Ligand code: C2O
Ligand code: CU
Ligand code: CU
């Protein structure tokens, strides 16, 4: 208000009025969300020569956008639901306030068709994350609602380019149209696989990259089912982070196992020569599948992987193992196997799985009991016991945990939000219960999640 006299205010000179008008406009713009997403049904060409009807995206005109936030910076996202059904958006891996976590009834009401919801949070960690609905989750994700979310480090590690790769399958027939999104007999086993593998909604896309440059590949496996082994050949590639947490030191990006929900950050040194093709592929017993190709272009930039600054660890608290309480979780078959209740967030119509002998009843108003209540600020060891002959990527919202040990294999002491629990494996992980609220806890094979293998942990004072 400096510079405006009382007289000017009273008389309302045109200059003063203009200044007020501009100020008003600015403050209204400042109130607009930093990001916006519109959920929409779209048609799009995935399989060359065809157009897939009834896809779902976070944009009305193409694949889900890559969202970019900055570590420690407040951000907001206006989500408009342009679908003809309810939805809700979850930010997978972000340790944010419970009310912004996007789980129907547990943290917010579903966003009804035509409605809008503003998410506001400050990402505490940097890395590669992703976002997806948590309502009618199988159908909405299967139709395309999975996007990559990047939280940038405070300090630029020094890459020439940053390339998010949204890796997933679609269940399409030869005509490019969706076929049955799942088969019940598969939901009761390993889950139903897609028929068309894609990266950023393209079949085996080619990316031209500056020769000799350093590129950060951000792999996000957003598929509803597939556990895969990923490999990069033809270039110098180092794995630098898993599930958004930097590795203590980079290792060669060979045979990287990623299950639904998991991410890998890979530092790629693009070959010097245009003939040096790099390929990302999925290893399979019956022959590898090429997912994406990277082509060096131009004069070599002659960069060196050693020029990259190491990524700083995220501020995840270290659990106090000596004083940690052990909580047991048994992942098993469903005791009764009755039909789940209908919900506006959808039901697959079957119950096959359970956690601690309880099958999740569905996305319903509840109230439901938590699988366990954790005291805020205390350390816990969660013991995951898999009684089933199938693998389950176990995911916990709101807090990250550290892998401790397994009865079947050597585990690297990684920090994650999603751990692949092998068939008949018992695994222990540890965490500090530092984020209050009701946190969804489920298998990320979505057919398992939606047929019972889900629940929540409560963190309370
Ligand atoms: Cu990817 Cu309940 O989460
Ligand atoms: Cu999540
Ligand atoms: Cu599972």
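Going by what's in this entry, would residue 248 be described as more than 16 Å from ligand 3 (Cβ to nearest atom) and either in contact (Cβ under 8 Å) with a residue 24 or more places away in the chain or part of a loop (DSSP other than H, G, I, E, B) (or both)?
Taking the combined requirement at face value, the residue does not satisfy it.
Is it the case, given these coordinates, that residue 133 is outside the structural domain of residue 262 (by TED's automatic domain parsing) and buried (at least 23 other Cβ atoms within 10 Å of the Cβ)?
yes
Which of the residues belonging to the range 66-83 are under 16 Å from the mean Cα position of the chain (by Cα) and not in a strand (DSSP E or B)?
66
How many residues are within 16 Å of ligand 3 (Cβ to nearest atom), touching a residue at least 40 places away in the same chain (Cβ under 8 Å) and assigned to a strand (DSSP E or B) if we restrict to the range 417-428?
Total satisfying the criteria: 5.
Are any residues in the range 436-461 surrounded by fewer than 20 Cβ atoms within 10 Å (Cβ to Cβ) and in contact with a strand residue (DSSP E or B) (Cβ under 7 Å, 6 or more places away or on another chain), and if so, which ones?
436, 458, 460
Exactly one condition in (1) touching a residue at least 60 places away in the same chain (Cβ under 8 Å); (2) within 22 Å of residue 257 (Cβ to Cβ) is not met by residue 177; state its number.
Every condition holds for residue 177 apart from (2).
Does the range 246-255 contain any residue that is within 16 Å of ligand 1 (Cβ to nearest atom), outside the structural domain of residue 92 (by TED's automatic domain parsing), more than 19 Å from residue 306 (Cα to Cα) and touching a strand residue (DSSP E or B) at 6+ places or on another chain (Cβ under 7 Å)?
Checking the range 246-255: not a single residue is within 16 Å of ligand 1 (Cβ to nearest atom), outside the structural domain of residue 92 (by TED's automatic domain parsing), more than 19 Å from residue 306 (Cα to Cα) and touching a strand residue (DSSP E or B) at 6+ places or on another chain (Cβ under 7 Å).
In the range 84-103, what residues are under 15 Å from residue 137 (Cα atoms) and within 17 Å of the chain's Cα centre (by Cα)?
If the condition is that a residue be under 15 Å from residue 137 (Cα atoms) and within 17 Å of the chain's Cα centre (by Cα), then 87, 88, 89, 90, 91, 92, 101, 102, 103 are the ones that fit.
For the subset of the range 92-118 comprising residues that are part of a strand (DSSP E or B) and surrounded by fewer than 24 Cβ atoms within 10 Å (Cβ to Cβ), which member is farthest from ligand 2 (Cβ to nearest atom)?
Of everything passing the filter in the range 92-118, 116 is farthest from ligand 2 (Cβ to nearest atom).
I need a count of the residues in the range 384-421 that are surrounded by fewer than 16 Cβ atoms within 10 Å (Cβ to Cβ) and farther than 19 Å from residue 247 by Cβ.
Adding up the residues that qualify gives 4.
Please go through the range 378-400 and give me each residue that is in contact (Cβ under 8 Å) with a residue 60 or more places away in the chain and closer than 20 Å to residue 261 by Cβ, ordered by number.
390, 391, 392, 393, 394, 395, 396, 397, 398, 399, 400 - these are the residues of the range 378-400 that are in contact (Cβ under 8 Å) with a residue 60 or more places away in the chain and closer than 20 Å to residue 261 by Cβ.
Scan the range 336-353 and give yes if some residue there is in contact (Cβ under 8 Å) with a residue 40 or more places away in the chain and not in a loop (DSSP other than H, G, I, E, B), otherwise no.
yes
Name the single residue, out of those in the range 81-91 being away from ligand 1 (no atom under 16 Å from the Cβ) and surrounded by 18 or more Cβ atoms within 10 Å (Cβ to Cβ), that is farthest from residue 363 (Cα to Cα).
Ranking the qualifying residues of the range 81-91, first place goes to 82.
Inspect the range 404-416 for any residue being within 16 Å of ligand 1 (Cβ to nearest atom), touching a strand residue (DSSP E or B) at 6+ places or on another chain (Cβ under 7 Å), part of a strand (DSSP E or B) and not assigned by TED's automatic domain parsing to the domain that holds residue 256 and give the result as yes or no.
The answer is yes; a qualifying residue exists.
Working carefully through the options 309, 378, find the one that is under 15 Å from residue 457 (Cβ atoms) and either outside the structural domain of residue 235 (by TED's automatic domain parsing) or more than 16 Å from ligand 1 (Cβ to nearest atom) (or both).
When all the criteria are applied, what remains is 378.
Can you name the number of the only condition in (1) within 16 Å of ligand 3 (Cβ to nearest atom); (2) under 30 Å from residue 112 (Cβ atoms) that residue 339 fails?
(1) is the only condition that residue 339 fails.
The values are calculated or read from the model by the stated rules, or taken from the named source; none is laboratory data. Just so it is clear, the structure is predicted and the values come from calculations on it, not from any experiment. All Cβ positions, even for glycine, are placed from backbone atoms using ideal geometry, and neighbour counts span all protein chains on display.
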